[in-house]
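This report refers to the structure that appears directly beneath it.
All of the numbers you see were taken from the coordinates with simple rules; none came from a lab. This one's a predicted model, so the numbers in the text were calculated from it and none came from an experiment. Every residue, glycine among them, receives a Cβ derived from its backbone with ideal geometry; neighbour counts consider all protein chains shown.
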Amino acid sequence: MRIRAIGFIVAMVLVSACATDLIGDMAASQKLEAARNIVAAVNAKNSEQYVRDLAADVVVAMYAGDVRLRGRDAVKANREAHFQNFPQARNALVHLVEIDDRVIMHDQVWLSDAQAAPADIVEVFTFSDGEIVRIEVIQSNALFSR
């Protein structure tokens, strides 16, 4: 009887540990999916899709630099203007990694079909309560002067 009880306790601990890992993986995949969604939104030229996972008070800043945009509405308006100014813009995901409440994304961007080599961009997305609350961008200062 005692061996069965110990076996049951061990089994419950293992099930509990596996369930915790699965829940953690679900949260991780939702964060990674939010970053993938941004890439898809750029390629679809869809500003509504782009802001889907952003908090209402999201902040967009250059990495270790100036804040460029504040709020989901400002980001949406910025993306709409960007899609109009660069109708051939597209990007490709190179790498994603999640560390705690952040996702770091490396992607490559082409602003036009005539652009032979892509520009590398890195974004650091910070999450809170399942939403992106901050985006920090690392890109060439000359990216939009091409």
Radius of gyration and Dmax over the Cα atoms of the range 55-133, both given in Å: 13.8, 41
J(HN,Hα) series, the range 90-103, from Karplus relation 6.51 cos²θ - 1.76 cosθ + 1.60, nearest Hz, glycine and proline x: 8, 9, 9, 6, 9, 7, 10, 9, 10, 10, 6, 9, 10, 10
Val94 long-range amide H proximity, modeled H, under 5 Å: His106, Asp107, Gln108
Protection proxy ranking of 101-114, 84-97, 29-42 - average other beta-carbon atoms within 10 Å, highest first: 29-42, 101-114, 84-97
Inter-centroid distance (Cα atoms) of the range 87-115 relative to the range 30-51, Å: 10 Å
Nonlocal amide H pairs with Ile132, under 5 Å, H built at 1.01 Å: Leu54, Ala55
